[in-house]
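All remarks here apply to the structure that follows.
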Amino acid sequence: PMLVLAGAGSGKTRVITAKIVHLLRSGLAPEQVFAVTFTNRAAKEMGERVVDAAGRDGARVAISTFHRLGLRILREDPRAVGLRGGFSIYDSADAESLLRELLRLHFGGEVEAPQLREMARAAAGVISNWKNDLRTPEEVATTARSSLERSQAAVYADYVKHLKASNAVDFDDLILLPVFALRSSAERRALWQARVRHLLVDEYQDTNGCQYALLRLLTGEAGRFTVVGDDDQSIYAWRGARPDHL
């Protein structure tokens, strides 16, 4: 395992590109090298640099966001987490719309529309944080101490049930559910760890608890990974980033 601390403007993407080229020249097949970052734009830029440096082999390296990697795992075996093939992916607007309806039912239609929108937006944030911390509705309900927390836990449980009934996932599920799938099956873990012979992560200081769990499950005890980051650039603690992962 390798950690590269790289300050602003020092070339984090260049480091990952060079390491990928080194791995390919050392004998790893392109399909065995995986790199993840946080945005589609960053993944596209990294992919272009790898192709420029490694040619046709570089185009076969799996470079993606965390969410796209998680989606790949889910699509391969959706039944592992209770989904059927062709499941839907809810964006933030879809998720908030569902939460508004659940909150309206929860409060018996007594809340005005503007307030309901604010409550749905707040609930979406709370649920996202719970998922990023790998907390299930059952765990949240068990630890709830106030009436507000118990109410939020009930809405969370209903939200998860409705997603499952609709054969749908939200963006957070694209990382959370692969973690559950890999945790629940030693055979599935071994399969993916055999595929991911080396994993590279950009902007590592921004990983949350769920992303960190996925990385650990994919790399296994061999620890074949390279991460690049800078704790001084960690600005996403408000959405669950854990710079202490460094």
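The values are calculated or read from the model by the stated rules, or taken from the named source; none is laboratory data. None of these values were measured; they are calculated from a predicted model. Note: ideal-geometry Cβ built from the backbone for every residue, glycine included; neighbour counts use all protein chains shown. Protein only, heavy atoms only, side chains kept; ligands, DNA and RNA dropped before computing areas. Shrake-Rupley method; radii C 1.70, N 1.55, O 1.52, S 1.80 Å.
Going by what's in this entry, would Gln115 be described as over 26 Å from Val36 (Cβ atoms), of a type outside the set (Asp, Glu), modelled with pLDDT under 95 and surrounded by fewer than 15 Cβ atoms within 10 Å (Cβ to Cβ)? Yes: the conditions hold for Gln115. Here Ala95 meets the list (1) without any contact (Cβ under 8 Å) to a residue 24 or more places away in the chain; (2) touching a strand residue (DSSP E or B) at 6+ places or on another chain (Cβ under 7 Å) almost entirely, failing just condition (1). For Ile127, the criteria (1) outside any loop (DSSP other than H, G, I, E, B); (2) modelled with pLDDT under 95 hold in every case but one, which is (2).
Quick check: anything in segment 41-49 over 28 Å from Asp230 (Cβ atoms), part of a helix (DSSP H, G or I) and either open to solvent by less than 60 Å² (accessible area, probe 1.4 Å) or touching a residue at least 24 places away in the same chain (Cβ under 8 Å) (or both)? So far as segment 41-49 goes, no, none of its residues is over 28 Å from Asp230 (Cβ atoms), part of a helix (DSSP H, G or I) and either open to solvent by less than 60 Å² (accessible area, probe 1.4 Å) or touching a residue at least 24 places away in the same chain (Cβ under 8 Å) (or both).
Looking at segment 28-35, can you tell me whether even one residue there is part of a helix (DSSP H, G or I) and either within 16 Å of the chain's Cα centre (by Cα) or more than 30 Å from Asp170 (Cβ to Cβ) (or both)? Can you show your working first?
In the first step, residues of segment 28-35 are kept if they are part of a helix (DSSP H, G or I); the result is 30-32.
Subsequent filtering for residues that are either within 16 Å of the chain's Cα centre (by Cα) or more than 30 Å from Asp170 (Cβ to Cβ) (or both) retains 30, 32.
Yes.
The lone criterion from (1) in contact with a Leu (Cβ under 8 Å, 6 or more places away or on another chain); (2) more than 20 Å from Phe180 (Cα to Cα); (3) outside any helix (DSSP H, G or I) left unmet by Arg104 is number (3).
Of everything in segment 161-189, what is outside any loop (DSSP other than H, G, I, E, B) and open to solvent by 60 Å² or more (accessible area, probe 1.4 Å)? Give them in sequence order. Give the steps one after another, and end with the answer.
Looking only at segment 161-189, we keep the residues that are outside any loop (DSSP other than H, G, I, E, B), and these are 161-165, 168-170, 173-183, 186-189.
Result: Lys161, His162, Lys164, Ala165, Phe180, Arg183, Ala186, Glu187, Arg189.
Does Ser64 satisfy the criteria of being free of Cβ contacts under 8 Å to residues at least 24 places away in the same chain and either of a type in the set (Ser, Thr, Tyr) or touching a strand residue (DSSP E or B) at 6+ places or on another chain (Cβ under 9 Å) (or both)? So Ser64 does not fit the description; no.
Being basic (Lys, Arg) and in a helix (DSSP H, G or I) is a condition met by at least one residue of segment 130-145.
When the residues of segment 190-216 are filtered to those that are over 19 Å from Ala43 (Cα atoms) and among the hydrophobic types (A, V, I, L, M, F, W, C), the one that is surrounded by the fewest Cβ atoms within 10 Å (Cβ to Cβ) is Ala194.
Close Cβ contacts (under 6 Å, 6 or more residues apart or on different chains) running from residues in segment 126-155 that are over 21 Å from Asp173 (Cα atoms) to residues that are at pLDDT 90 or above comprise Ala144/Ala153.
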